[in-house]
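I have placed the structure first, in the form of structure tokens, so that the comments after it can refer back to it.
The values are calculated or read from the model by the stated rules, or taken from the named source; none is laboratory data. These numbers come from a predicted model, not from an experiment. For neighbour counting, all protein chains shown are included, and Cβ atoms are generated from backbone atoms with ideal geometry for every residue, glycine included. When the accessible area is computed, the model is the full protein with side chains, heavy atoms only, and any ligands, DNA or RNA have been set aside. Shrake-Rupley method; radii C 1.70, N 1.55, O 1.52, S 1.80 Å.
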Amino acid sequence: SAELDDWIESLRDAFIPPLTANRTMGALGSIVASRISREFRIGGPSYTVSSEENSSIRALEIAVRALQDGSLDQAVAGAVDLNGDMRSVLTTHHDRAYSPTGTCRPFDAQADGTIIGEGAAAVVLKRLDDAVRNGDRIYSVIKGIGTASGGGIESQVPTEAAYSQAIKRAYEDAKTEMKSVTLLETNGSGNPDEDVVESHALSRLFKQNEGEQCLVTSAKVDIGQAGAASGIASLVKTSLCLYQEIL
């Protein structure tokens, strides 16, 4: 009957609101950056980077390289991930289980997975000389970036070789020796398989630092697995540690 059809339609709308022009456009992740740029009258190129958990770090790398080659004088790089949606949680949990105890314990023998997190963050980037000349507040200086690809074919966990290569490239790019590092922000997801690979790579790379203090941290302990926003969250956290001189 018409009454039954109307009732079913109302149930559908109550569960998932009907599609509108704004909801349809808002669901297209590829155009988010351009919409933000238009709203705030930000000039220059604007686009979205999609690389799963590496998305914000890749966006950061693109911005840094553009500043280095002079194609930009300033940039905004950021990320947002609202992966706390139940459908997203269940899908992720199927491939990489969340902690059944609800606690993230990176590099701990009791580690049993990460926890659900969401986040949004953005940073304004300039060349150091420009920021100093303009009297800007400087939270940290990015001296180098290193990336590498190379996960296992049947696993989402990066290989130790890929992890090590990314770190080596970052230090080479920054022209900095590993022994000078006293604070290391890690992936530290609390996922045992990932932690084993990361801890082995770090132990071998920083073996030369024996006897020196190097603090190891992970933003996931505080905010959980924030998906695409994980990298920028770690950057913001570490920058604030440096700026405020508080660990």
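For the range 115-129, which residues satisfy the criterion of being under 19 Å from Ile57 (Cβ atoms) and either buried (at least 16 other Cβ atoms within 10 Å of the Cβ) or under 14 Å from the mean Cα position of the chain (by Cα) (or both)?
Passing the criteria: Gly117, Glu118, Gly119, Ala120, Ala121, Ala122, Val123, Leu125, Lys126.
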Index of the failed condition, Gly188 passing every other in (1) among the small types (Gly, Ala, Ser); (2) touching a Pro at 6+ places or on another chain (Cβ under 6 Å); (3) part of a helix (DSSP H, G or I): (3)
Residues located in the range 15-39, provided they are at pLDDT below 80 and more than 20 Å from Asp81 (Cα to Cα): Phe15, Pro17, Pro18, Leu19
Residue count, the range 1-37 (criterion: closer than 24 Å to Ala75 by Cα, open to solvent by less than 70 Å² (accessible area, probe 1.4 Å) and not hydrophobic (A, V, I, L, M, F, W, C)): 4
Selection count where residues are touching a helix residue (DSSP H, G or I) at 6+ places or on another chain (Cβ under 7 Å) and modelled with pLDDT of 95 or more, scope the range 202-218: 0
Test: Ser51 is open to solvent by less than 80 Å² (accessible area, probe 1.4 Å), hydroxyl-bearing (Ser, Thr, Tyr), modelled with pLDDT of 85 or more and more than 30 Å from Val157 (Cβ to Cβ): no
Residue selected from the range 153-172 under the condition in a helix (DSSP H, G or I) and of a type in the set (S, T, N, Q), by the criterion most open to solvent (accessible area, probe 1.4 Å): Gln165
Of the criteria (1) acidic (Asp, Glu); (2) surrounded by fewer than 19 Cβ atoms within 10 Å (Cβ to Cβ); (3) closer than 22 Å to Ser56 by Cβ, which one Asp195 fails: (2)
Subset of the range 173-185 [part of a helix (DSSP H, G or I) and more than 22 Å from the chain's Cα centre (by Cα)]: Met178, Lys179, Ser180
Val132, sole failed condition from (1) over 30 Å from Thr92 (Cβ atoms); (2) surrounded by 13 or more Cβ atoms within 10 Å (Cβ to Cβ); (3) at pLDDT 95 or above; (4) hydrophobic (A, V, I, L, M, F, W, C): (2)
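Could you check how many residues of the range 191-220 are out of contact with any Cys (no Cβ under 7 Å at 6 or more places or on another chain), in a loop (DSSP other than H, G, I, E, B) and within 23 Å of Lys237 (Cβ to Cβ)?
Of the residues in that region, 6 qualify.
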Residues of the range 69-85 classified as open to solvent by 80 Å² or more (accessible area, probe 1.4 Å) and either of a type in the set (Phe, Trp, Tyr) or in contact (Cβ under 8 Å) with a residue 12 or more places away in the chain (or both), total: 5
Candidates Ser149, Ser88, filtered to the one that is modelled with pLDDT under 85, open to solvent by 70 Å² or more (accessible area, probe 1.4 Å) and under 22 Å from Val49 (Cα atoms): Ser149
From Glu185, Glu194, residue being at pLDDT below 95 and not aliphatic (A, V, I, L, M): Glu194
Any helices (runs of 4 or more DSSP H) falling wholly within the range 42-138 and containing at least 2 residues that are of a type outside the set (D, E, K, R) and over 22 Å from Gly227 (Cβ atoms): 55-68, 128-133
